[in-house]
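Structure, as structure tokens:
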Amino acid sequence: MEGLLAAARRVRVNRYIDICLLLFLAVFPTFSSKFRIDVMAGFMAYVIFALSLDLLWGYTGLMSFGHAVMFGMGAYVGGLTNVFQKGVPDFMANYGITEIPPFFAPLTSPALGNVLAVILPGLLALIIGIFIFSSRVSGVFFCLITMALASAFATFTNSTQQYLGGSNGINRITRFALGDGPVDVTQNYYIILAALVLAYLFCLWLVNTRFGKALTSIAGNEDRLRFLGYRTRDFKLLVFVLSGMLAGFAGLLSVRTTGFVSPVNCGLELSTMAVVWVAVGGRGNLTGAAVGTLLINWAESILSEHIASQWQLTIGVILLLFVLFMRDGLVGAALGAQDRRRQKKLREAL
Amino acid sequence: MAILEVRSLAVSFKGFRAIDGVDMDVERGELRVIIGPNGAGKSTLMDLITAKTRPTSGSVIFDGADITGLDISAISSRHGIGRKFQGPNIFGGMTVLENVELALKGHGTLIKALFYRRTRRTLELIAGALERVGLYEKRDLPAGILSHGEKQWLEISMLLAQSPKLMILDEPTTGMTAEETYKTGELIMGLSGEHTIIAAEHDMDFVRQVASTVTVLHQGKVLAEGSIADVERDPRVVAVYLRDDGLESGEGGRA
């Protein structure tokens, strides 16, 4: 019994938060309205998106202001794949397009289309990453380039009326199908929850490998790691690609839950919001990304009914407060307190 | 034959010649100490050898291969040159053992990093590197809470985990107490022979303790080279570096 207690005390505090969060999410549909269940499913897709940003920013120190591009790309590819199953969508027909264009042919297969929703964002990340990391772009320049990417992608989707629906985007996308026809709200909720658990376990595995430790060390002191014989460029490239794929996966899940995608889902706004979620929850521990995403999104959902016009301002103030007074975020602060207590004990024991 | 041959190496930064035609041979197993006043070019010379900086002209030949201006990671992984920077550069959030594990030779490629497993063999290598510097007992502590001197030793232990042919140590005793400095001297002497070592140092007590060949740098040039006794007697060295009685007090270059 004593050994068990000692073992429990060694576990880091965020693992307990993980378990509580999982239990909460598992029982959430039993006491919530259909509407709330659907909203929560969308937020869980956002949590996967935040996890992908945490790998990149929290662990590797690469702060991206354009991560919604990967998310949006997954959403668009997933959305198109879904609407193509019912033939040529209206936004194309309005431009006199009578059959699905040849370059969209792979998306007529649901299986291939959904796989591409994950692969293509990874490919985009690979191409951009090769340019960024071989020219040793880092720090604030990485922020700026990814920010430009977000603007460019949003402009592209906005102006591609006949293929991507322009500013309206793509609508009437249905949920995943199981057997005959789309699943209901609760089934969809549990599909997203299962995907979230898998994505979380994948991230947890990744950051605990030697690869993950190398990523943390890149954030801490990249040159030191290079002198230890690591080709850090390869490491940054791989995490950028994996993170892009995970963001694309989140986009796919999101679009099949909310039923629509538009340029708003791949521009600067969502990119910045993801940075805020991770900053508030705390970066570099995975739990923070989940906590921050759920807190901010529920706050927005509930508060914006009352203070819709001031919501943007409120978010700005929250971010400012966290940057000034709680730089490690909520979960980061809890972990920091636990670490300090442990180190104090260790010092006393020495 | 010399393991390291530096040939008419020069680099200028915006017209300032930080290293100006340096020739230097280091024998296999040798312990070479480089001294010189602040700004003499000690760190720059090490940057050039480890490819952190590209030279304007000249070459660095290591173990028969031209390594001038290679990629930093190749210098370490392919040519076996390890470097310890000034001041402790350890990863404070990880444990002492994890720091050495991260440095372990031959796991720096992507695939190996993803599928690395702790085995009895890797643990033995890590334990060996930690025992050399006397930190094995503290292996499970977070590296951040080690004392300043211990952090420096941990970094030397990380170099050992790389089993480098050449170890480059930039001011290994900075900020250490006299006792820690002495212990570091013992440690480095114990490592020489087995490894070739180049150390840049300010602390004259340390230089005398390890009593090896000394290269004196001044304004980017080699001013003198020889045993510590020879160098101490060299009037040119005395004029530029040891004038203020530094050699007697051991406080010479600690400005």
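The values are calculated or read from the model by the stated rules, or taken from the named source; none is laboratory data. This one's a predicted model, so the numbers in the text were calculated from it and none came from an experiment. A quick note on method: Cβ atoms are made from the backbone with ideal geometry, for glycine too, and the neighbour counts reach across all protein chains shown. Keep in mind that these areas ignore ligands, DNA and RNA; they rest on the heavy atoms of the full protein, side chains included. Shrake-Rupley method; radii C 1.70, N 1.55, O 1.52, S 1.80 Å.
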Just one of (1) over 18 Å from residue B:191 (Cα atoms); (2) away from chain A (no Cβ under 11 Å); (3) open to solvent by less than 10 Å² (accessible area, probe 1.4 Å); (4) not aromatic (Phe, Trp, Tyr) trips up residue B:156, so point out which. (1)
Considering only helices (runs of 4 or more DSSP H) wholly within the range A:269-350, the ones with at least 3 residues that are without any contact (Cβ under 8 Å) to a residue 40 or more places away in the chain and within 14 Å of chain B (Cβ to nearest Cβ) are A:329-349
Can you tell me how many residues in the range A:110-129 are open to solvent by 50 Å² or more (accessible area, probe 1.4 Å) and either touching a Lys or Arg at 6+ places or on another chain (Cβ under 9 Å) or of a type in the set (Asp, Glu) (or both)? 0
Members of the range A:12-38 found to be open to solvent by less than 50 Å² (accessible area, probe 1.4 Å) and polar (S, T, N, Q), listed by number: A:14, A:32
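Confirm whether residue A:228 is within 25 Å of residue A:17 (Cα to Cα) and within 10 Å of chain B (Cβ to nearest Cβ).
No; evaluated as a whole, the condition is false for this residue.
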So, residue A:289, is that one touching a Leu at 6+ places or on another chain (Cβ under 6 Å), under 23 Å from residue A:56 (Cα atoms) and not polar (S, T, N, Q) or not? yes
If you go through the range A:207-219 one residue at a time, how many are open to solvent by 20 Å² or more (accessible area, probe 1.4 Å), facing chain B (nearest Cβ under 9 Å) and without any contact (Cβ under 8 Å) to a residue 40 or more places away in the chain? 1
Breaking point among (1) surrounded by fewer than 21 Cβ atoms within 10 Å (Cβ to Cβ); (2) in contact with a Ser or Thr (Cβ under 9 Å, 6 or more places away or on another chain); (3) of a type in the set (D, E, K, R), for residue B:183: (2)
Within the range B:188-197, can one find any residue that is out of contact with any Lys or Arg (no Cβ under 8 Å at 6 or more places or on another chain), within 14 Å of chain A (Cβ to nearest Cβ), over 22 Å from residue A:217 (Cβ atoms) and modelled with pLDDT of 90 or more? no
For the range B:199-223 the number of residues that are open to solvent by less than 10 Å² (accessible area, probe 1.4 Å) and more than 16 Å from residue B:174 (Cβ to Cβ) is 5
Are any of the residues in the range A:46-53 surrounded by 10 or more Cβ atoms within 10 Å (Cβ to Cβ), under 20 Å from residue A:299 (Cβ atoms) and hydroxyl-bearing (Ser, Thr, Tyr)? yes
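So which residues in the range A:237-248 are open to solvent by less than 10 Å² (accessible area, probe 1.4 Å) and within 14 Å of chain B (Cβ to nearest Cβ), if there are any at all?
The answer is A:239, A:240.
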Could you list all residues from the range A:249-278 that are more than 25 Å from residue A:175 (Cα to Cα) and open to solvent by less than 20 Å² (accessible area, probe 1.4 Å)? A:275, A:276, A:277, A:278
Mind checking which residues of the range A:156-177 are open to solvent by 70 Å² or more (accessible area, probe 1.4 Å), within 14 Å of residue A:266 (Cα to Cα) and either part of a loop (DSSP other than H, G, I, E, B) or without any contact (Cβ under 8 Å) to a residue 60 or more places away in the chain (or both)? A:156, A:159
Quick check: anything in the range A:120-134 under 23 Å from the mean Cα position of the chain (by Cα), part of a helix (DSSP H, G or I) and over 25 Å from residue A:211 (Cα atoms)? no
Counting only residues in the range A:65-109 that are among the polar types (S, T, N, Q) and open to solvent by less than 30 Å² (accessible area, probe 1.4 Å), the one farthest from residue A:256 (Cα to Cα) is identified as A:81
Can you find, within the range B:214-237, the residue that is farthest from residue B:178 (Cα to Cα) among those that are modelled with pLDDT under 90 and β-branched (Val, Ile, Thr)? B:237
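Report whether or not residue A:260 is in contact with a strand residue (DSSP E or B) (Cβ under 7 Å, 6 or more places away or on another chain), more than 9 Å from every other protein chain (Cβ to nearest Cβ) and more than 30 Å from residue B:70 (Cβ to Cβ).
When the stated conditions are applied, residue A:260 passes them.
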Whichever residue in the range B:68-121 is touching a residue at least 12 places away in the same chain (Cβ under 8 Å) and basic (Lys, Arg) and, among such residues, is most open to solvent (accessible area, probe 1.4 Å): B:118
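Is it the case, given these coordinates, that residue B:234 is open to solvent by 20 Å² or more (accessible area, probe 1.4 Å), out of contact with any strand residue (DSSP E or B) (no Cβ under 9 Å at 6 or more places or on another chain) and away from chain A (no Cβ under 14 Å)?
Against the criterion (open to solvent by 20 Å² or more (accessible area, probe 1.4 Å), out of contact with any strand residue (DSSP E or B) (no Cβ under 9 Å at 6 or more places or on another chain) and away from chain A (no Cβ under 14 Å)), residue B:234 does not qualify.
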Kindly check whether there is at least one residue in the range A:181-192 that is surrounded by fewer than 18 Cβ atoms within 10 Å (Cβ to Cβ) and on the phi > 0 side of the Ramachandran plot. yes
